[in-house]
Amino acid sequence: MKVLLVSFYFPPAGGGGVQRPLKLAQYLPGLGIETHVLAPDDPQWIHRDEGLRVPTQAWVHRARYLGPGGRRPAEELHGKQGLARITTQARLFGRRALVPDENVPWSLTAIPAAIRLVRRHGIDVVITTSPPNSIHLVGAAVKRATGARWVADLRDSAVAHVHRRSESAAVRAKEKVDLGVAKLVARSADAIVCVADFIADEVRALGPRGAVATIPNGSDFDDFDGLDYTPGERLRITHTGSFFGKRDPRPFLQALHDAGVDATARFLGDFRSADREWARRLDLGEKLELIPYAPRATSLALQRDSEALLLLIPDAGGRGQGVLSGKVFEYLAARRPILAAVPPGGAAAELILAAGAGVVAAPDDVDGLREAIVELDRRFRSGGLPDVDLSDEWIDRVSRLSRVEETAELLRALA
């Protein structure tokens, strides 16, 4: 069996969005599936990670990237007033006018490249994995041109992204276009894979022609091999990942300030200028450490060598209830206690509590977060915070390889 995986995010791109397609390309060949990958040559991602290894058993093909480079519009607009702000907004307008997303121009080169690869290599199934949503235009076009089976892999909501500011008219307009893409996926894809049940429910409401399956992200336990935890002199709570949209560190930082314990919060990744200025007014001093983006190897080592890990998932008007981000599973693999500032009763909270991997407080509950910090510090001072002890059953349940095996089973059923 032969598959073509079309992914916008693939090494040397950095960031969390790379891991799901990368691990598919890594594990599928070992399960007897010849795997080809189509990715952009260089879309000027915001971050690059030259340390990520491209799987040697997969064939990686590149299509020329057309479109704007990676940018952070909110950061470019921050602090600008008057003419400077208007000029920046004008410069960003072309990017924001592209629908369903700014990466859609890549379809102009990706579609013909994918069609050639399917015909040349006798590809049985094409997998398109989003974000960005425009990637699914490639799958629909290839299916129509070649008759190959098409699997759409959805890692974010098809219609209402949790981190988007839905109160914005521009965002609501884009979400209408996203709904159009979701309807295209529903009526054309032979199967649809979703990382969370709430996304699968959204898709089923559109009356899809193909099967819909939930295959969550997975934990890469092997990635932490050889990384040690050495207890620090003070409680170190680490968050890895960038801040955008509705992800908000301020309630946690206020709770850290109010807790009055000897602790350090470490944030690795892009930290918004507005949040940095807000935190400065709290005068946290050595209690706050901001670390710029670093390669994944550095991120994993920092996670492992922490007393606790901070997980932030916004409620976003109820949208965050079903979110099970890749970060949840990465933290489980690190085996350090998790302070989960997530919607109580939501999917992430239920998974963390069921695994015995940490404590949960609502993302905007300053008092609840303060109490959690104080309790973590008490346990740390009174005997330490040992590694999270996951049973073999739990490890098998959440491991990345198990997820890829589920995907392989679905692919074989289509061929």
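Computed from the coordinates by the stated procedures, all read-outs in this text should not be read as laboratory data. Just so we're clear, the structure is a prediction, and the values are computed from it rather than from any experiment. Every residue, glycine as well, gets a Cβ built from its backbone with ideal geometry; the counts of neighbours run over all protein chains shown.
Remarks
- Cβ-Cβ FRET estimate between S391 and L227, R0 fixed at 25 Å, reported to 0.05: 0.75
- Estimated distance in nm for a label pair at A211 and R381, the labels positioned 7 Å out from Cα along Cα-to-Cβ: 5.5
- Per-residue extension of 0.36 nm, minus the Cα-Cα distance of R116 and V177, leaves a gain of 19.1 nm for this segment.
- Radius 12 Å from Cβ of I123, net charge of other residues (Lys, Arg +1; Asp, Glu -1): +4
- Helical segments meeting 24 Å axial Cα length and Kyte-Doolittle -0.5 threshold in the chain (DSSP H): 169-188, 366-383
- Peptides 50-57, 231-238, ordered by how many other C-beta atoms sit within 10 Å of their residues on average, highest first, read 231-238, 50-57.
- Cβ-Cβ FRET estimate between D201 and T56, R0 fixed at 22 Å, reported to 0.05: 0.05
- Which labelled figure in [x] 17; [y] 22; [z] 13 is percent of Cα pairs over 42 Å apart, once derived from the coordinates: [z]
- The Cβ shell under 10 Å around I135 holds other residues with a net charge of -2, Lys and Arg each +1, Asp and Glu each -1.
- When segment 221-392 is reduced to its Cα atoms, the Kirkwood hydrodynamic radius in Å: 16.0
- Packing-based ranking, highest mean first, of 106-114, 294-302 given that Cβ atoms within 10 Å are counted: 106-114, 294-302
- Backbone amide hydrogens, once placed in the peptide plane, bring H239 within less than 5 Å of R266, F267, L268, L310, excluding anything fewer than 5 places away on its chain.
- Rough spin-label spacing in nm, given labels placed 7 Å along Cα→Cβ, for E286 and I46: 3.2
- Note on D248 and A413: their simple-model spin labels are 4.1 nm apart, each label 7 Å out from Cα toward Cβ.
- Column: log10 I(q)/I(0), Debye, Cα scatterers of segment 167-285, q = 0.11, 0.19 Å⁻¹: -0.69, -1.06
- The value for segment 227-322 of Rg(Cα) / (2.2 N^0.38 Å) is 1.09.
- Least to most buried among L154, L66 (fewest other Cβ within 10 Å first): L66, L154
- The chain: calculated mean residue ellipticity at 222 nm from DSSP helix runs of at least 4, using -39500 (n - 2.57): -12500 deg cm²/dmol
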